[in-house]
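Read the structure below first, then the notes.
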Amino acid sequence: MVAMGNRGMALGVLLLVALPLASAACAHHTESPGARAPATGVETPLGGPSTQAGGSPDDGAGAGGAPGGRSEVQVGYATWYGGKLAGHKMSNGERFDPSKMTAAHRTLPFGTWVEVKRVDTGQTVRVRITDRGPWGHEDRIIDLARAAASKIDLVKAGLCKVEVRVVSGPD
């Protein structure tokens with residue numbers, strides 16, 4: 001009987017120590033390392049290299065446009081996505097419609113408007129961030145919905161170098 005009591009006590013002590021450790025291991029971490037930027041460039045609120053000095057990841061552009069009239073620019077590659085994902089839920093909860101002027105970006109808040117400028121032609125399109133991505137290629141910075149991609153002749157090319165700048169809205 002005494003041996004059974006010792007086992008029970010040992011089990012109780014083990015649970016008292018193990019449960020807090022296990023629950024701490026399952027807790028969500030609130031800090032995020034942020035998007036990885038290439039080795040060159042200045043980190044900006046867009047989460048990538050900037051063509052201008054300055055900018056702080058704390059400036060947070062949000063849906064209202066560039067903070068304080070600033071114009072940080074992220075440079076990288078754009079791709080597009082379309083029909084196969086039509087109707088699927090995006091990261092912001094909306095259903096994807098390839099005919100809308102929307103895009104996926106890794107770090108910008110949902111609802112943020114950006115201007116995407118094709119570097120080689122100067123063509124621009126304004127899109128609203130509604131999804132997360134692109135993934136798998138660090139140099140790809142934005143995925144455009146098919147309609148937005150067609151505005152800058154990206155559909156046939158599939159990939160092009162762009163500049164992405166936060167703006168105040170669709171106009």
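Bear in mind these aren't lab numbers, they're just calculated from the coordinates by the rules spelled out. None of these values were measured; they are calculated from a predicted model. A quick note on method: Cβ atoms are made from the backbone with ideal geometry, for glycine too, and the neighbour counts reach across all protein chains shown.
Where does each of 131-141, 96-106 land if you order them by average Cβ count within 10 Å, highest first?
96-106, 131-141
Within the set of other residues whose C-beta is less than 9 Å from the C-beta of residue 87, count the net charge using Lys and Arg as +1 and Asp and Glu as -1.
Charge balance in the 9 Å sphere: +1.
Would the stretch 57-167 count as rounded, prolate or oblate if I go by the C-alpha gyration tensor, calling it rounded below 1.5 in a/c and otherwise prolate when a/b exceeds b/c, oblate otherwise?
Taking the square roots of the gyration eigenvalues as a ≥ b ≥ c, the stretch 57-167 is oblate.
Quick check on the exposure proxy: order 121, 79, 107 from fewest to most C-beta atoms within 10 angstrom.
121, 107, 79
Below 12 angstrom from the Cβ of residue 113, what's the summed charge of the other residues (Lys, Arg +1; Asp, Glu -1)?
Details: positive: 126, 128, 165; negative: 115, 171.
Value of the local net charge: +1.
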